[in-house]
Amino acid sequence: MNAHLAEISRSVAPGAHAVLVLDGAGWHGSAALVVPDNLSLLTLPPYSPELNPVENVWHYLRANWLAISVFDSYDAILDACCTAWNRFANDPKTVTSITERSWAQVS
């Protein structure tokens, strides 16, 4: 996570400040976390899919390509997940419809 934050920090324009919105994963709040001066971390409240678009992505993937499935092996699970993700990622209209929030616009 520290390497990830450092990489994001390098992408922030000089003199700018970025806010990174995070879910409640344990590594997002580790005591060993080093937050660069040009970043702030904003942790979402638990169980708030309306605030965390990726929750809607997982729901969509399960409902459309991964539900009610029995897999013969770990590789079959991995293949099914990769196929589902690639189908989703290659459909920009669906990605936008699931992840867009009127209150969160990039300018």
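The values are calculated or read from the model by the stated rules, or taken from the named source; none is laboratory data. Note that the coordinates shown come from a computational prediction; the quantities given were computed from them, not determined experimentally. Note: ideal-geometry Cβ built from the backbone for every residue, glycine included; neighbour counts use all protein chains shown. These area figures cover heavy atoms from the full protein model, side chains too; ligands, DNA and RNA do not enter into them. Shrake-Rupley method; radii C 1.70, N 1.55, O 1.52, S 1.80 Å.
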If you go through the stretch 12-47, how many residues are of a type outside the set (Gly, Ala, Ser), over 23 Å from residue 101 (Cβ atoms) and over 19 Å from the mean Cα position of the chain (by Cα)? 5
Selection from the stretch 9-34 of residues assigned to a loop (DSSP other than H, G, I, E, B) and in contact with a Leu (Cβ under 6 Å, 6 or more places away or on another chain) yields 23
If you take the residues of the stretch 31-68 that are among the hydroxyl-bearing types (Ser, Thr, Tyr) and open to solvent by 50 Å² or more (accessible area, probe 1.4 Å), which of them is nearest to residue 7 (Cα to Cα)? 43
Within the stretch 78-99, residues loosely packed, with under 11 Cβ neighbours inside 10 Å and either touching a strand residue (DSSP E or B) at 6+ places or on another chain (Cβ under 7 Å) or assigned to a loop (DSSP other than H, G, I, E, B) (or both) come out as 90
Where a residue in the stretch 8-24 is within 23 Å of residue 46 (Cβ to Cβ) and its partner, wherever it lies, is surrounded by 13 or more Cβ atoms within 10 Å (Cβ to Cβ) and of a type in the set (Asp, Glu), with Cβ under 9 Å and at least six apart: 23/55
Of all residues in the stretch 48-75 being modelled with pLDDT of 90 or more and hydroxyl-bearing (Ser, Thr, Tyr), which is farthest from residue 103 (Cα to Cα)? 73
